[in-house]
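Student: One structure coming up, written as structure tokens, with questions to follow.
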Amino acid sequence: MEIFTLLESLEDLVENSKKVPLSDKCIVEQSEVLELIKEIRLKLPDELKQAKWVQEERERILAEAKKEADDVVKEAENRIISMIDEHEITKKAYEQKNEIMSVANENARQITQGAREYADGILKSLSSSLESVLKEIDQNRKELK
């Protein structure tokens, strides 16, 4: 990731800067530090865009699952209507409808759960990465002060 490279550059800049005698302070080029911080800020929105994409993808998957379930339900209803004249066939149609509904609902539930787990994993990873970056930035700012 480019952010980590930029943070390493910032860290190197601070570590390799001239030291103030008899203190733990250092002298750094303000313009270099500000430029690196600016570049870091420019790189952060890419991770945020990725999180937004994950959310949109999750919603798309859920919508697809709902449409698929609706299609299965409509198909079952159409089958029932065509078989309504004969009692035995009607009885079997109701059983099939219930089975199809059950399978469709289970599929929709599994797809929804999978999409949520996927989105949660991506967001958790992103959150962890961003926390790490923010901690490094805070530490570097403390060191700069």
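The values are calculated or read from the model by the stated rules, or taken from the named source; none is laboratory data. Keep in mind it's a predicted model, so treat the numbers as computed, not measured. Cβ sites come from the backbone with ideal geometry, for glycine too, and all protein chains shown count toward neighbours.
Student: Which one is nearest to the chain's Cα centre (by Cα), of the residues in the range 59-68 that are loosely packed, with under 15 Cβ neighbours inside 10 Å and not small (Gly, Ala, Ser)?
Tutor: Once the filter is applied, the top-ranked residue is Glu59.
Student: Continuing with this model, one more query. Does Gln50 fit the bill of being of a type in the set (S, T, N, Q), modelled with pLDDT under 85, surrounded by 12 or more Cβ atoms within 10 Å (Cβ to Cβ) and touching a helix residue (DSSP H, G or I) at 6+ places or on another chain (Cβ under 8 Å)?
Tutor: Spelling it out, Gln50 is indeed of a type in the set (S, T, N, Q), modelled with pLDDT under 85, surrounded by 12 or more Cβ atoms within 10 Å (Cβ to Cβ) and touching a helix residue (DSSP H, G or I) at 6+ places or on another chain (Cβ under 8 Å).
Student: While we're looking at this one, here's another question. Tell me, which residue of the range 106-134 that is among the β-branched types (Val, Ile, Thr) and farther than 24 Å from Thr5 by Cβ is surrounded by the most Cβ atoms within 10 Å (Cβ to Cβ)?
Tutor: Filtering first and then ranking leaves Ile111.
Student: Now for a separate question. Where the second residue is hydroxyl-bearing (Ser, Thr, Tyr) and at pLDDT 90 or above and the first is within 15 Å of Glu75 (Cα to Cα) and lies in the range 88-100, which pairs have Cβ atoms under 9 Å and are six or more apart or on separate chains?
Tutor: Short answer, once both residue conditions are applied: none.
Student: Got a sec? Which of Glu11, Glu56 is modelled with pLDDT of 85 or more, surrounded by 10 or more Cβ atoms within 10 Å (Cβ to Cβ), under 28 Å from Thr112 (Cβ atoms) and out of contact with any Pro (no Cβ under 9 Å at 6 or more places or on another chain)?
Tutor: Only one candidate passes the filter, namely Glu56.
Student: Looking at the range 129-138, can you tell me whether even one residue there is more than 30 Å from Asn16 (Cβ to Cβ), of a type outside the set (S, T, N, Q) and modelled with pLDDT of 90 or more?
Tutor: No, because not a single residue in the range 129-138 is more than 30 Å from Asn16 (Cβ to Cβ), of a type outside the set (S, T, N, Q) and modelled with pLDDT of 90 or more.
Student: Residues that are among the β-branched types (Val, Ile, Thr) and in a helix (DSSP H, G or I): does the range 21-30 have at least one?
Tutor: The answer is no; no qualifying residue exists.
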